[in-house]
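Written out below as structure tokens is the structure these notes cover.
The values are calculated or read from the model by the stated rules, or taken from the named source; none is laboratory data. Note that the structure is predicted; figures quoted are calculated from it, not measured. Note that each Cβ is placed from the backbone with ideal geometry, even for glycine, and that neighbours are counted across all protein chains shown. Ligands, DNA and RNA are stripped out before the accessible areas are found, and what is left, the full protein with its side chains, is counted by its heavy atoms. Shrake-Rupley method; radii C 1.70, N 1.55, O 1.52, S 1.80 Å.
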Amino acid sequence: SVSERTYIMVKTVLTLVLFQPDGVQRGLVGNIISRFEQRGFKLVALKLVHATPEHLEKHYADLKGKPFFPSLIKYMASGPVVGMVWEGLDAVKTGRAMLGATNPLASAPGTIRGDFALAVGRNICHGSDSVENAEKEIQLWFPEGIVQYTADQAKWIFE
Ligand code: UDP
Ligand code: MG
């Protein structure tokens, strides 16, 4: 009928962003959450945890065998991390762009790593690198699932 319509049909994806212990210790959590909020992403899960080495080995399974793998796991297990899931247009790719390059010295100013980090092993944040890996990582960090709700500002973000 004429009174039925489609209201904001936008194809979005989810990405996992994880603050490493340096991001938490340096008090950057709020700033980085703000960046994702301001960009128009929707927060659908959030958690502060002190992860175990076993859990982190699953998270970084793709890097097993790299020379820095043992120190990365030890470092990541040294303090609390914050996991979050953001939903938005092309959120995996855009989230990675917001993080900057893996080596902060190669990260452009304006990116998270380009604004806050210098060392590759203290680069503040993890972001999923593909939609497939995002799905795996979200399942690993949030086995209970994400939160379903309507973000009321969507009509001002999407066209
Ligand atoms: N890392 C490191 N030394 C290196 C490369 C990477 O300590 O030489 C750490 C760094 O914290 C990085 C994480 O391992 O963020 C995962 O590496 P990856 O190649 O997946 O980079 P990212 O996807 O985080 O940009
Ligand atoms: Mg990676």
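Some points to look at:
- Residue check for ALA101: out of contact with any helix residue (DSSP H, G or I) (no Cβ under 6 Å at 6 or more places or on another chain), farther than 30 Å from LYS155 by Cα and at pLDDT 95 or above: yes
- Filtered residues of segment 119-159 (kept if open to solvent by less than 70 Å² (accessible area, probe 1.4 Å), in a loop (DSSP other than H, G, I, E, B) and of a type in the set (S, T, N, Q)): ASN123, SER128, SER130
- The residue that is farthest from ligand 2 (Cβ to nearest atom), among those in segment 57-82 that are within 16 Å of GLY127 (Cβ to Cβ) and either β-branched (Val, Ile, Thr) or at pLDDT below 95 (or both), is VAL82.
- Lone unmet requirement of (1) over 27 Å from VAL10 (Cα atoms); (2) open to solvent by 40 Å² or more (accessible area, probe 1.4 Å); (3) of a type outside the set (Gly, Ala, Ser) for GLU87: (1)
- For the residues ALA91, ALA101, ALA61, the requirement of being touching a strand residue (DSSP E or B) at 6+ places or on another chain (Cβ under 9 Å) and within 22 Å of LYS136 (Cβ to Cβ) singles out ALA91.
- Members of segment 14-50 found to be open to solvent by less than 40 Å² (accessible area, probe 1.4 Å) and either at pLDDT below 95 or in a loop (DSSP other than H, G, I, E, B) (or both), listed by number: GLN20, LEU28, GLY40, PHE41
- Lone unmet requirement of (1) modelled with pLDDT of 95 or more; (2) away from ligand 2 (no atom under 14 Å from the Cβ); (3) more than 15 Å from ILE32 (Cα to Cα) for VAL85: (3)
- Every pair of residues 6+ apart whose Cβ atoms lie under 6 Å, when the first sits in segment 129-140 and is over 14 Å from LEU63 (Cβ atoms) while the second is within 14 Å of ligand 1 (Cβ to nearest atom) and of a type in the set (S, T, N, Q): ALA134/THR15; ALA134/SER128
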